[in-house]
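The values are calculated or read from the model by the stated rules, or taken from the named source; none is laboratory data. As the structure is a prediction and not an experimental result, all values here were calculated from the model. Cβ atoms come from the backbone with ideal geometry, glycine included; neighbour counts cover every protein chain shown. These area figures cover heavy atoms from the full protein model, side chains too; ligands, DNA and RNA do not enter into them. Shrake-Rupley method; radii C 1.70, N 1.55, O 1.52, S 1.80 Å.
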Amino acid sequence: MTVQSETVSFAAILVAAVVLTYKFASQSQKPAGKKSRPSRSARSPKDSTKKFIIGGNWKSACGYEKSRDLVDMMNSLQNIPRNIEVFVAPSSPFLTMVSESLQDGIAVAAQDVGNHTKPGARTGEAFATMLSDVGCEWVICGHSERRQYQKESSSLVAEKAKVALDNGLGVVVCIGESLEERESGRLEEVLCSDMMSTLAGSIGSAPQTWANVVIAYEPVWAVGTGKTAKPADAQSTHAMIRNWVSKNVSASVASALRIQYGGSVKPGNAKELAACPDIDGFLIGGAALKPDFLEVIANAAAGLQ
Ligand code: PGA
């Protein structure tokens, strides 16, 4: 062997060693992956206990430190009432951190999901299974802020919900009307003929699909404004949505379906709202960023008795 070929072989061995070391190092730096949590989707429509479901939507309001503080706050919550299920929805950069540090009894939701049907060239989008990989069990679809600022249409929201469901996530699909739509008598048209109908057209009517769906009724005029729908108005709107599902999907899906109310839920109104027969949970923004959230959970439990 010449000096030249010995140098080439030595260089080849060195390159191989560097590649192997890099591969090993990058594998060992991968996140721990999905934390083991009580499985949401294991519940079938038949054995559904229809737990009251309370979600804290942290929106884009919290950086890393604030998200960590909120995890500490949520980890201080002991003895979550057996008839209440809780999730939090952090911003996407912190999903892994939250999922890995949050107590097991609380689920993690993403605030959005891509509508593409398989992973691939969609810069900026998170595919549904990637959200599961970092510990999400739920994804919020069609929040009114995304409909308003990202111009998400009902069909895009319905596509996202379908992809998420097809890939094993539960979906919290937000629907809601503006004040102008309510006052001009278009409540049913907006909520049912448009939003619910487009969703049902996309996901179909199978009870096992709907077992993984939560509807969040959030009147746009009540989100982040401090104005809450009167419990009687929220109740009648929830009953209208359930009635639509009963007629257009099936009676059994309608009765098992959980419909959250969202829009300025706070400790002072949680008990009365939770006591309404067709309100099956809350989606909470502002109050989820402070200890009020724990009070809301306690007060909802009182309203359910
Ligand atoms: P809010 O937000 O509780 O601050 O009104 C609710 C939501 O956006 O889900």
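A few comments on the model shown:
- Taking only alpha carbon atoms, segment 170-285 gives an Rg to Rh ratio of 0.95, where Rh is the Kirkwood radius.
- Counting 0.36 nm for each residue step from residue 121 to residue 101 and taking away their Cα separation leaves a gain of 4.1 nm.
- Sequentially through segment 76-87, phi angles give Karplus couplings (6.51, -1.76, 1.60; θ = phi - 60°) of 7, 6, 10, 6, 4, x, 4, 9, 10, 10, 10, 9 Hz, Gly and Pro residues having no value and appearing as x.
- Share of carbon and sulfur in the accessible area of segment 209-290 stands at 54%, probe radius 1.4 Å.
- Test item: Cα-centred dipole of segment 148-234, Lys/Arg +1 and Asp/Glu -1 on Cβ, debye: 220 debye
- Charge sum, other residues only, whose C-beta stays under 11 Å from residue 139's C-beta, Lys/Arg counted +1 and Asp/Glu -1: -1
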